[in-house]
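Enquirer: This is the structure I have questions about; it appears just below.
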Amino acid sequence: MKEIFEDITAKLRADAYANEEHVRLSLVARLLQALGWNIWNPQEVNTEFCPVRSEDSTRVDIALFAQRSEPAVFIEVKGVGRIGRNLPEIERQMRDYNRNMSAVFSVLTDGRHWKFYLSRAGGEFRQKLFKEIDLLNEPTSFEDIELAFHAFLSKAELVNGGALREAEQYLNSTRRERVMRDELPLAKREIETQPDLSLVKLLVRRVAEAGHKISEDEALGFIRESASRIDAQEQYEPSLAPAPIRPGRVPRQAPKGNATLLLRRHQKVIARGYANGNREFVVLAGSRAVAELQPSGRTAKHVRSQLISQGVFRKDGDGYVLTQDQSFSSSSNAAVVFLGISASGPREWTPE
């Protein structure tokens, strides 16, 4: 999806989306299709949906149905820059959409800004907001944006319940915890380019810059808890977990002067790699990859096919082994190829 986000952000900067319909059709529908929704099936992607049968004037711009019995997501679409001061009124409107037929999530977007609400949570509607994304926020990488959209808006995650669990964790976090959750992937990405930095100290610094103070012990505990939560979720969701990795030869170290990064699955190191300074990520020979791509990892299909046909990937037991060092355009691309699922490189590749 990186190419899609790159194209959308370029169009946003060029003011190509001139009205609400441009945003709904050329931007939102495009993203929904990439996230696994059949935008041509009105029983799945229902536009101008009436959630309150007795009020014909009450219509949701887009209602997503992961299962036909009840709506998964209500999406309210506005023209670019048209949220601003009207936010309280729009939130009341979204609250009314959920009055009789509540969706799991409600999403408000003007194409650039995305606000995610857990519709069925208690309290005022504004208090149900658990995630905000700005597609033109420079510090945020396309990999991190893709990860967030996949987590909360992909059909697969809504069907298997992963989106709801992740949203509940976000909403139940304190403001400081939310900042730590948002800053940790960015800190890990910064570590890629400056491997001499300490992840703990870097997280403390980034959280402080966002207006909150945490100790190094708190940062370390949060990093460890985050890693444990990822492992637990993968074990809870076998449909998204990769095939087991058979013990094999441990790949060699990165060349001198480059920090070796490790790719783990279920606590086992399956690959080693490093950022080579040319905006590429190199995975070392001997690294292992899972045998099958899961639906969320389908973006890696073409790359994997090429590596197999060229003999760079060799079948070995229940997976593939890399026969030579191989460069990728980013650590996230490498992670998807080797894990077989949608993955964020800064989160998955960790210092040795």
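Enquirer: Please list, in order along segment 117-122, the HN-Hα scalar couplings obtained from phi with the Karplus expression 6.51 cos²θ - 1.76 cosθ + 1.60 (θ = phi - 60°), rounded to whole Hz, x for Gly and Pro.
Expert: 10, 8, 4, 8, 6, x
Enquirer: Would you mind working out the magnitude of the charge dipole of segment 75-219 relative to its Cα centre, with +1 at each Lys and Arg C-beta and -1 at each Asp and Glu C-beta, to the nearest 20 Debye?
Expert: 660
Enquirer: Just the number, please: Stokes-Einstein D of segment 261-352 in µm²/s, Kirkwood Rh from C-alpha pairs, 10 °C, 1.306 mPa s.
Expert: In µm²/s, the coefficient is 124.
Enquirer: Given N residues in segment 286-326, what is Rg(Cα) / (2.2 N^0.38 Å)?
Expert: The reported ratio for this selection is 1.09.
Enquirer: Once the mean 1/r over all distinct Cα pairs of segment 82-160 is inverted, what Kirkwood radius in angstroms do you read off?
Expert: 13.5 Å is the Kirkwood radius here.
Enquirer: To the nearest 0.05, how large is the calculated FRET efficiency for Trp40 and Gln93 if R₀ is 25 Å and r is the Cβ-Cβ distance?
Expert: 0.35
Enquirer: Explain nothing, just compute: Karplus ³J(HN,Hα) = 6.51 cos²θ - 1.76 cosθ + 1.60, θ = phi - 60°, for every residue of segment 207-220 in order, whole Hz, x for Gly and Pro.
Expert: 5, 5, 5, 8, x, 10, 10, 9, 8, 5, 5, 5, 5, 4
Enquirer: May I pose another question? For Ser342, enumerate residues with amide H under 5 Å from its amide H, sequence gap 5+ or separate chain, H modeled in the peptide plane.
Expert: Ser296, Gly297
Enquirer: Just to confirm a number: summing +1 for Lys and Arg and -1 for Asp and Glu over residues other than Glu20 whose beta-carbon lies under 9 angstrom from that of Glu20, what do you get?
Expert: Neighbourhood net charge equals 0.
Enquirer: Ok, one more. Report the paramagnetic label zone for Leu136: residues of segment 81-125 whose backbone N is under 20 Å from a point 7 Å from Cα along the Cα-to-Cβ axis.
Expert: What the label zone holds, given the 20 Å backbone N cut-off, is 81-87, 108-116.
Enquirer: Rounded to the nearest 20 debye, what is the charge dipole size of segment 109-175 about its Cα centre when +1 sits on each Lys and Arg Cβ and -1 on each Asp and Glu Cβ?
Expert: The calculated dipole for segment 109-175 is roughly 380 debye.
Enquirer: If you don't mind, another one. Could you compute how fast segment 1-150 diffuses translationally, taking Rh as the Kirkwood radius over C-alpha pairs and applying Stokes-Einstein at 4 °C with viscosity 1.567 mPa s? Give it in µm² per second.
Expert: In µm²/s, the coefficient is 82.
Every number in this text was worked out from the coordinates using simple rules, so none of it is lab data. This structure is a prediction, so every number in the text was calculated from the model and none was measured. Note that we place each Cβ from the backbone using ideal geometry, even for glycine, and neighbour counts take in every protein chain shown.
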